[in-house]
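One structure is given below, encoded as structure tokens.
The values are calculated or read from the model by the stated rules, or taken from the named source; none is laboratory data. What you are looking at is a predicted structure, and each value in this text was computed from that prediction instead of being measured. Methodologically, a virtual Cβ is constructed for each residue, glycine included, from the backbone with ideal geometry; neighbour enumeration extends over all protein chains shown. When the accessible area is computed, the model is the full protein with side chains, heavy atoms only, and any ligands, DNA or RNA have been set aside. Shrake-Rupley method; radii C 1.70, N 1.55, O 1.52, S 1.80 Å.
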Amino acid sequence: MQLLTPWADGPSMVTQCPIQPNSSYTYRFNVAGHEGTLWWHAHSSFLRATVYGPFIIRPRNGAQAPFPVPDQEVPIVLGEWWSRNVVDVENDAVMSGQRPVESDAYTVNGLTGQLYPCANETFTAVVQPNTTVLLRVINAALNTHLFVKVAGHNFTVVAVDACYTANYTTDTLVLAPGNTVDALIFTGAAPGSYYMAVQPHDTLSPSTLATSDDDSTATAILLYNGMPATATPAMPTMPNSSDTTTANDFYFGLRGLAAEVPSPVDVSMTIELGLGQLPCDATQTNCNGKSFAAAMNGVSFRAPTEISLLEAQFNGNPAGVYTTDFPDSVPPNGTVMVEGTRVRSLPYNSTVEIVLQNPLAVPAENHPIHLHGFNFFVLAQGLGTFTPGNTSAYNLVDPVARNTIAVPTGGWVVIRFLANNPGMWFFHCHLDAHVPMGLGMVFAVENGTTPNSMLPPPPDDLPMCKPGPKRRHEGSPPPAPAPAPEKKTPHLSPPERPEAAEDPARAGATRSGRDEGQRRRVTTLCLLLLGLMLGPSFHFVS
């Protein structure tokens with residue numbers, strides 16, 4: 001959630017300039033209030049096709065997750081593979097104004113398995129019979145929703161997006177890009193070899209993939225201990241790629257643990273997700289008149305190029321970088337899509353409710369919408385058009401909490417979160433092809449009134465957009481607004497334990513890099529002077 005560590009969030013030109021070649025940047029942040037399976041990845045162009053990995057936060061010593069302790073844990077990272085340079089794949093799409101070509105293969109922990117013509121090694125997890133195995137499944141694919149099944153075994157889902165859930169039993173996991181699922185399986189089947197199969201879920205309307213995806217299946221193997229590695233694995237029966245019923249049953253069936261949902265609502269928005277076209281840009285050398293584009297409420301997001309949004313916010317100088325007029329409602333039919341860098345300013349500690357509407361137009365697609373800086377509660381979801389004021393459908397008792405929600409094709413989702421984290425937070429589709437098309441916007445959460453509710457200064461090693469002198473913090477944070485009404489922060493994972501506030505490592509995580517550097521320089525200088533006074537026999541280590 002990057003609470004008070006927004007400079008470590010990562011999205012290019014939102015919270016930082018990209019890390020330049022032959023340079024480095026150290027991400028410093030805390031993980032207070034979080035337990036479970038997350039992942040890290042590049043957030044510039046298509047680089048996250050291969051720059052990613054699991055990020056697992058375990059309960060503190062002596063604590064336990066709200067499910068039986070598994071006998072074994074296995075991280076499962078699902079990905080996509082292109083036979084070409086992925087940067088060229090993206091550049092070709094941008095220059096032509098078209099969608100990028102589909103990947104050539106899917107992977108499980110970096111391996112395709114044996115069912116592709118270019119078959120390579122297969123990831124194999126050896127398990128003991130009659131034990132409980134926790135699979136930490138991550139969809140790191142750029143542009144593809146995925147179905148996951150294990151032959152002969154069911155899953156018990158216990159968490160999604162590092163937020164605990166009520167136990168949910170299913171034989172099929174469905175993950176949009178960016179989603180994580182923690183699922184238990186019990187190895188009570190006959191000792192043998194079992195395929196874990198991964199196939200695409202095609203959500204684009206009209207459908208672009210064949211209904212049978214036998215040539216697009218990545219596999220791993222669940223091998224019972226004592227069985228030969230050469231044993232022929234059993235294969236699960238997979239859904240058709242266009243099986244939206246199975247996908248919606250999974251997404252709609254999840255429930256969270258009992259939670260205190262923030263209320264009353266201070267900011268209410270309806271955001272319509274749209275795909276369309278814009279005239280080709282002058283830089284799109286292979287574009288033929290019209291270019292694919294995407295928008296939220298008719299605004300196709302364009303990131304700044306000279307300074308990140310977060311730096312502009314911290315400096316209190318948004319002029320020429322962004323405006324704060326992102327619309328709260330859907331524009332009238334026939335409104336022309338516009339390009340811009342429009343953000344929505346949110347008062348600190350305000351409760352925000354958003355209806356995400358995904359109209360059934362052509363083309364239409366299931367959009368996995370991801371919010372940086374927060375988890376949110378999923379209060380309701382459905383197909384068709386949301387009826388304003390239909391709060392009777394809301395689950396305010398045990399809604400699932402997550403950070404990425406798949407808004408179904410021709411459907412809607414209602415989410416709610418507490419804006420208690422000052423900074424610039426990207427809200428965007430996690431289909432990477434849609435980000436350069438403009439399917440995103442940014443929430444600018446204002447400062448609170450206390451030191452612990454104000455945007456901290458950037459670290460000295462924050463990347464520069466252009467080569468130049470080392471950054472110095474000449475600006476000061478914008479003035480704090482009037483006090484907001486007190487609201488309790490909802491615990492989406494287990495509550496932060498009392499000792500967490502006294503953890504010196506955690507407390508120090510919010511210091512600026514400049515302050516720490518100054519301390520070290522002053523300490524070193526003092527020791528040098530002391531060494532000169534005491535003579536050559538004095539030694540120190542800084």
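Per the conditions (1) open to solvent by 30 Å² or more (accessible area, probe 1.4 Å); (2) modelled with pLDDT of 95 or more; (3) hydroxyl-bearing (Ser, Thr, Tyr); (4) more than 15 Å from residue 426 (Cα to Cα), the sole criterion not satisfied by residue 12 is (4). When 320, 373, 334, 340 are checked against the criterion of being touching a residue at least 60 places away in the same chain (Cβ under 8 Å) and either more than 16 Å from residue 270 (Cα to Cα) or polar (S, T, N, Q) (or both), a single residue qualifies: 373.
A search for C-beta distances below 9 Å between a residue of region 275-296 that is touching a residue at least 40 places away in the same chain (Cβ under 8 Å) and more than 17 Å from residue 439 (Cα to Cα) and any residue that is among the acidic types (Asp, Glu) and surrounded by 12 or more Cβ atoms within 10 Å (Cβ to Cβ), counting only pairs 6+ apart in sequence or on different chains, returns 286/92; 287/281.
Checking each residue in region 233-267 for being in a loop (DSSP other than H, G, I, E, B), among the charged types (D, E, K, R) and farther than 30 Å from residue 346 by Cα picks out only 243. Counting the residues of region 149-194 that are open to solvent by 20 Å² or more (accessible area, probe 1.4 Å) and not in a strand (DSSP E or B) gives 7. Here residue 67 passes the criteria (1) within 23 Å of the chain's Cα centre (by Cα); (2) modelled with pLDDT of 95 or more; (3) surrounded by fewer than 19 Cβ atoms within 10 Å (Cβ to Cβ) except the one numbered (1). Of all residue pairs spaced 6 or more apart or on separate chains, those with beta-carbon atoms under 8 Å, a first member in region 36-56 that is in contact (Cβ under 8 Å) with a residue 24 or more places away in the chain and closer than 15 Å to residue 78 by Cβ and a second member that is β-branched (Val, Ile, Thr) and open to solvent by 50 Å² or more (accessible area, probe 1.4 Å) are 37/56; 38/56; 41/51. Just one of the listed residues (46, 55) is open to solvent by less than 20 Å² (accessible area, probe 1.4 Å), outside any loop (DSSP other than H, G, I, E, B) and over 17 Å from residue 311 (Cα atoms), and it is 46. Can you tell me which residue within region 197-234, out of those that are in contact with a His (Cβ under 9 Å, 6 or more places away or on another chain) and within 17 Å of residue 78 (Cα to Cα), is modelled with the highest pLDDT? The extreme case among them is 222.
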